[in-house]
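Below: the structure, in C-alpha cells.
Please treat every number below as a calculation from the coordinates, not as lab data. Given the structure is predicted, the values throughout are model-derived calculations rather than measurements. Backbone-built Cβ (ideal geometry, glycine too); neighbour counts: all protein chains shown.
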Amino acid sequence: MATQPKTYTYRDLEGFPEDHFRREIIDGELIVTAAPATRHQRVVTRLVHRLASHCEVHGGEVFPAPTDVYFSDVNVVEPDVLYVGPQSLEKVEERFVRSAPDLVVEVSSPSTRRLELTRKRELYERFGVPEYWFVDLDADRVEVYRLEGERFGPPVLFGMGDTLEPPPIGGFRLAVEDLLG
C-alpha cells in the first residue's frame, strides 16, 4: 500500500531551524534549496538598494529573501526580492507579506531555474502578482511577465542596453547593465 506524501503548511515552516536553507511550500509540497552563489547575491543587493532608494522618496517597501510571501497555508514562498507599493502596505505583516506583492523577482541559480520558470511563475500568476521578473544570469537578461487579466502575457525580454520601467513602481527606472553589473 502506497503512503500519501505529507502536505506541508506554514506551521511546518515555522518549526524548521534557521540553517540558511530556503524552504518554500507550493501546493503543500516542501521545496528546499541551498544558499545562492555570490553573483546571484550581488544582483539581489543592487536591486534592493535601488528599490529602497526609490521607496524612500515615493513610499512602499522592498524586501530581500528570506521574506515569506503567504498566499495560502499551503503556498508560501521566498522570492529573491519583492516590492509592495504604498497603496498595498496593509499586506505587510509582522511575519510575512500576505497575498500578492506588486513585484516579485527571482534571480536564476542552476539548481532553481526550472522551479522559478515553471512552478513559481505559475504560482505568481495564479495568485495575481501583477509583475514577475526572472533575472537570467546565464543569458544576461531579464524576462518580465506582466499580468493581463488573470494570466501572464508572453515574457518581454530586456537585455544589455535596455531599461526596466515596471508599471507597478511608477517613476522607477533601472538599466539592465546596472542590475547585472
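Per-residue 3J(HN,Hα) values for the stretch 103-112, derived from phi via the Karplus relation 6.51 cos²θ - 1.76 cosθ + 1.60 with θ = phi - 60°, read 8, 10, 10, 10, 9, 5, 9, x, 7, 10 Hz in sequence order (x marks Gly and Pro).
Please list, by residue number, everything in the stretch 158-178 whose backbone N is under 16 Å from a paramagnetic label point 7 Å out along Cα→Cβ of Asp140. What the label zone holds, given the 16 Å backbone N cut-off, is 158-163, 175-178.
Using the Cβ-Cβ distance between Glu150 and Thr38 with R0 = 45 Å, the FRET efficiency computed as 1/(1 + (r/R0)^6) comes to roughly 0.75.
Taking amide H as placed 1.01 Å from N in the peptide plane, the amide H of Ser99 sits under 5 Å from that of Tyr70, Phe71, each at least 5 places away or on another chain.
Each peptide among 64-74, 157-167 gets the average number of other Cβ atoms lying within 10 Å of its residues, and from highest to lowest they stand as 64-74, 157-167.
So what's the angle, to the nearest 10 degrees on a 0 to 90 scale, between helix 38-58 and the longest Cα principal axis of the chain? Computed tilt is about 70 degrees. Between the beta carbons of Arg114 and Glu18, assuming R0 = 35 Å, the FRET efficiency works out to 0.85 to the nearest 0.05. Scaled against 2.2 N^0.38 Å for its residue count N, the alpha carbon radius of gyration of the chain is 1.01. Taking a ≥ b ≥ c as the square roots of the eigenvalues of the alpha carbon gyration tensor, the stretch 55-155 is rounded, as a/c is under 1.5. FRET efficiency for the pair Lys6 and Ala175, taken as 1/(1 + (r/R0)^6) with r the Cβ-Cβ distance and R0 = 41 Å, rounds to 0.35.
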